[in-house]
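Here is the structure we will look at.
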Amino acid sequence: MTLTTLLPNIIIIISLVNIVLCLILTISYLRSYHKLKMKFTFGLIMFALLLLVSNIFDLNGVLFMLTNNLPMQNIYLHESLIKLVALSILSYMTLKN
């Protein structure tokens, strides 16, 4: 198997992990909002939800390309990996407290 054949599967797995991380962040921020009732925390909830929507659209786009036999570009892998690293750091910092 080459990277070209594995690329869609790798991107799908990374996108699913990103979605789970966004859900974890959203739940964490919701819990904080119920305790603190601060506008900043509400902004974090909106931020996490928008990231969630973005990752769902990314996954949908990859699945569309896969089902329609369209060529997969490496840029999707890079973008997904950057989001994964950013969300992992943000999740770690959020849950560390």
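Go ahead and estimate [θ] at 222 nm for the chain from helices alone: -39,500 (n - 2.57) per DSSP H run with n ≥ 4, summed, over the residue count, rounded to 500.
One gets -32000 deg cm²/dmol as the mean residue ellipticity at 222 nm.
Could the peptides 50-62, 68-80, 9-21 be put in order, highest first, of the mean number of other beta-carbon atoms found within 10 Å of their residues? Can you show the working numbers first?
On the way: 50-62: 16.2, 68-80: 12.7, 9-21: 18.1.
Top of the packing list down: 9-21, 50-62, 68-80.
If each of M46 and I27 carries a label point 7 Å out from its Cα toward its Cβ, how far apart are those two points in nm?
2.5 nm
For every other residue with a beta carbon closer than 13 angstrom to the beta carbon of Y29, add +1 if it is Lys or Arg and -1 if Asp or Glu, then tell me the sum.
Working: positive: R31, K35, K37, K39; negative: none.
Taking every other residue near Y29 into account, the sum is +4.
Choose one answer from L84, L66, L49: the residue with the largest mean-square fluctuation in a GNM of the chain with alpha-carbon springs under 10 Å.
Largest GNM mean-square fluctuation: L66.
Each reported figure results from applying straightforward, stated rules to the coordinates on display, with no laboratory input. As the structure is a prediction and not an experimental result, all values here were calculated from the model. Don't worry about glycine lacking a Cβ; one is built from the backbone with ideal geometry, like all the others, and counts go over all protein chains shown.
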